[in-house]
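Have a look at the structure below, then the notes.
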Amino acid sequence: MSEFFKQVVTQLAAVWQRLSLQQKIVTTALVAFTLLGMTGLILWSQKSVGKESGYRTLYSNLDVEEAAAITEELQKEGYKYRLENEGRSIAVEAKQVYEIRMTMARSGLPRQSGFGYELFDKTNLGMTDYVMKLNSRRALEGELQRTVEGLEEVKSARVHIVIPEPTIFLDNKKEAKASVVIRCATGRDLNKEQIRGISHLVSSSVDGLRPENISIVDYGGRLLSDPFGGDEDAIAGSRNMELQQNAEKYLENKVNQILGGVLGPSKAFVKIACDLDFDRVERSLENYDPESRVVRSEERIDENKKNAPDGDNQRERSLTNYEIDKTVQHVIGEVGNIKRLTISVALDGRYEKGDDGKMNFVARTAEELQNIEDIVKNAVGYDLSRGDQITVSNVKFDNEFLRQEQIDMRNSDRWQLGITIAKYALGFIIAVLFIFFLRSLAKTVAEAMNPPVPALEQLGLEEPVVQEAPEETRRSSEILERVEMLSREEPVNIALIIKQWLSEGSVSKHSKKQQ
């Protein structure tokens, strides 16, 4: 095995000697980058394993009381923990995170949703009436807090309720009040309908609590509920203003949608001033028709007298009462009817390319303006009898900023496209060069491991002439081959023959010495 490694090292050294300077630099760089990549991958994997075996966050953004309760429970259970973020976050060993969360859940921690009616799960015979009322209010606040936190937009909430003591004197009677502090989720916000819904939810859960006595604020101190309190006039004015703004926005959206489809985007701007009638009027009308009479009642009396001093007589009397036709109307005017509309429409013209290559403004014709005006009138319900007004003007919009932004965006898109193409082209070129380099390197390695045999003609030598061997040499070679074959097949007989030859040689030498 050591001989094999020696041959490999020798061949690599030979290959390295045959490489050019550029090939040596590229090869060294490739080997270095490969080693660095493998080292980084190993370090990253070890770091990931270290993270998994280290500490992970158990809970974050905790209150001080909540963090104290959780750490106390961790100490009882014998878990290791670490406080972070000024005590607002608790970290535990990564392999025990889920186990500890289950343990804390069994203990009812964390109590971020407050205490609810579970306060009364354990009976306390020594509890005073004051403590009972206090716990009842705490439980109600906790249940309301959990309900409010159930909204998707609400991350956390706190509810505070003030319930006055009952009294028999009406002059000293006080109303219940409440305040709700809300922290919205990231990127979410409560609209007016949701705020009004929370207000009515809390008021419906507390006896004697009216919605106007509830204050809703966020964690930034912004008042979210109605700021007018119990001022009925201010509340009515605010609602009327909101209704008017909604009506104007609705009509503007209708007109902009139509004009956007006809003229194109950003070719028309519409503003509508809507005057609404918020007066609630009740009228009673009575109309009489003297021409129509209806019999209401009729009375007829017949009197017959016989054998009277003045003789027999007969008298008839009739009384008819007529009723004149009467119409009674009780009219109640609806609140929020449109009294008057004022419509302003600004239209951009057309742009045509001139001989100089610039875009020239072309005003719209009177017929086009009239068509646009008719479309807008039909869209908003224009009524001349109530004094509605409409103005349609053809003006040149200053779109220089928009045009410049479009040019910048096109240039930016081209630049990004060019950078993307350059990246892919550079990557393709590097890949092609790398392929050629590998091909050259493989060729060099192959040449180094299999060096070509030099031709004899290049060394100035002639090919050797093959001559036939002499007869004696050929015969001696055949004898040697036969002896070798016999020594392999019959080694014992060959050994005896060699021993006999040796003994004959020694006898002949001894006889020569005697002579």
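Values quoted throughout were computed directly from the atomic coordinates according to the rules given, and no laboratory measurement underlies them. Nothing here was measured: the structure is a model prediction, and the numbers come from that model.
Data overview
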| quantity | calculated |
| --- | --- |
| Among the listed pairs K192/K396; K254/K396; K249/K396, those beyond 29 Å (Cα-Cα) | K192/K396 |
| Hits among aspartates and glutamates - C-alpha to C-alpha of K122 under 13 Å, sequence gap 8 or more where chains match | none |
| Cut-off under 5 Å, modelled amide H: who pairs with F278 long-range | G336 |
